[in-house]
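The block underneath contains the structure these notes are about, expressed in structure tokens.
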Amino acid sequence: MAGTIPLLEVYPELAEALPRVSLASLPTPVARLERLGTELGLDHFYVKRDDLSAAPYGGNKVRKLEFLLGQALHDGRKATITFGAAGSNHALATAIYAKQLGLRAFSMLGYQHNAHSVRKNLLRHYAAGAELYHDRHRPDAVGRAISKIFQRCKAEYGSYPLVIPAGGSSPLGILGFVNAAFELRAQVRAGRMPPPDRIYAACGTMGTVMGLLLGLRAADMDATVVAVRVTPPPFTDAARGRRLFETAHRSLREAAPSFPEFSFPESQFELRHEFYGEDYGLHTEAGQHAVRLARETDGLKLEGTYTGKAMAALIADAESGALDGQTALFWDTYNSHSLTEDTAGIDYRDLPQDFHRYFEEDVQPLDIEPSYKETGS
Ligand SMILES: *Cc1c(COP(=O)(O)O)cnc(C)c1O
């Protein structure tokens, strides 16, 4: 059946309870990272290509949006409102797919250290027709803007916008990653890769890693999820992550009584802090080294805010011998489709004034040249 996903095949009762809209091309490929593996001395090193999860925009947020926007349509909403930093991949993905489904998107964005990726995302965000707000200097103004948006939507559409939390990491959104674990199990069973021992992923709002952990447990896979923290608390916070896991687990068991009971698998979860650096969105030497190495060996397109830091953790573990004899899987969460065609006609001065600074001020010193990122296959 078109659009069926493994989680709903195993638990068909969930399909009734969980309205979902198909946005992604699943399963995403699993591939061996041969050259990078050789470079790092790893014999069993694989990547999960969520960078190709959907067109025109991939990355990890699409899996969550299938459930979140499915809910919005089911509830008869006509708009969404969400939150993120200026270069947010989540708010951008929401804007692109909301528009595709005929929903209006409102994005409330905060300051982010400047980078070429921030500029690209802002232009694409604007091209998607989202209404963008920046809270720089005026956090109270954002509160007022939000209540105005609510009033406007109520008057115009008869309904309030669906509020989607930062990163899409609600108990509903993370079901996209519970499914991803079942998808991975099917790929392992089909011989695409051996069962992984360690899965590395960047941890921003914890939805990706908590959804995966929940799904791995349910799918009876014992890989350790290595969550590489790239945000400050409260976005990454062990207790909050655990609550997210438990709330999603409870709702799955309510909707599908045969969904297994288990407690939070402490021993299968590793939260790593040493690759964060000094701030969210502030690149690190180790992260940028990882971006370059992944690019030069196997052509992966990583970036400094999330995936570079996650790969830096994996590289450090390879170098320390912690991955000897292990099968490692890198979960590539960053969109790799080019955004430039969709933004060709856009002038940054068309964006709200508060965003102009990102185009007029320098990028952070460690940011890699865009020409470097855009060239090659
Ligand atoms: C949002 C994001 C993450 C983090 O995912 P969470 O579910 O928020 O933890 C990782 N990588 C990229 C590229 C992202 O955009």
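The values are calculated or read from the model by the stated rules, or taken from the named source; none is laboratory data. Here the structure is a predicted model, which means the values were calculated and not measured. No Cβ is skipped: glycine too gets one built from the backbone with ideal geometry, and neighbour counts run over all protein chains shown. In case anyone asks, the SASA skips ligands and DNA or RNA and just uses the protein heavy atoms, side chains included. Shrake-Rupley method; radii C 1.70, N 1.55, O 1.52, S 1.80 Å.
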Taking the criterion of being open to solvent by 50 Å² or more (accessible area, probe 1.4 Å), more than 16 Å from the ligand (Cβ to nearest atom) and in contact (Cβ under 8 Å) with a residue 12 or more places away in the chain, would at least one residue in segment 306-321 satisfy it? yes
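What do you reckon, is G345 assigned to a loop (DSSP other than H, G, I, E, B), modelled with pLDDT under 95 and open to solvent by 10 Å² or more (accessible area, probe 1.4 Å)? Step through it out loud before you land on a result.
On the way: assigned to a loop (DSSP other than H, G, I, E, B): yes; modelled with pLDDT under 95: yes; open to solvent by 10 Å² or more (accessible area, probe 1.4 Å): yes.
Yes.
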Selection from segment 223-234 of residues part of a loop (DSSP other than H, G, I, E, B) and open to solvent by 20 Å² or more (accessible area, probe 1.4 Å) yields P232, P233, P234
Give me the pairs: first residue in segment 68-94 and over 17 Å from H116 (Cα atoms), second residue in a strand (DSSP E or B) and open to solvent by 30 Å² or more (accessible area, probe 1.4 Å), beta-carbon distance under 6 Å, and six or more apart or on different chains, which are they? A79/R104; I81/V163
So, T305, is that one within 21 Å of A223 (Cβ to Cβ), in a loop (DSSP other than H, G, I, E, B) and touching a Phe, Trp or Tyr at 6+ places or on another chain (Cβ under 8 Å) or not? no
If a residue counts only when it is buried (at least 21 other Cβ atoms within 10 Å of the Cβ), which helices (runs of 4 or more DSSP H) contained entirely in segment 1-81 have at least 3 such residues? 61-74
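Does segment 334-342 include one or more residues that are in a helix (DSSP H, G or I) and at pLDDT 95 or above?
So the first thing to find is which residues in segment 334-342 are in a helix (DSSP H, G or I), and the list is 340-342.
Going one step further and asking which of them are at pLDDT 95 or above, we end up with none.
Checked segment 334-342: no residue is in a helix (DSSP H, G or I) and at pLDDT 95 or above.
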Restricting the first residue to segment 283-295 and requiring it to be at negative phi and in a helix (DSSP H, G or I), which pairs with a second residue that is β-branched (V, I, T) and at pLDDT 95 or above meet a Cβ separation below 7 Å and a spacing of at least six or different chains? A290/I315
Can you tell me which residue within segment 235-276, out of those that are out of contact with any Pro (no Cβ under 9 Å at 6 or more places or on another chain), assigned to a loop (DSSP other than H, G, I, E, B) and open to solvent by less than 60 Å² (accessible area, probe 1.4 Å), is nearest to the ligand (Cβ to nearest atom)? T236
Of all residues in segment 188-222, count the ones that are open to solvent by less than 20 Å² (accessible area, probe 1.4 Å), of a type outside the set (A, V, I, L, M, F, W, C) and within 16 Å of the ligand (Cβ to nearest atom). 6
Within segment 137-162, which residues are modelled with pLDDT of 95 or more and surrounded by 13 or more Cβ atoms within 10 Å (Cβ to Cβ)? I149, F150, R152, C153, Y157, S159, Y160, P161, L162
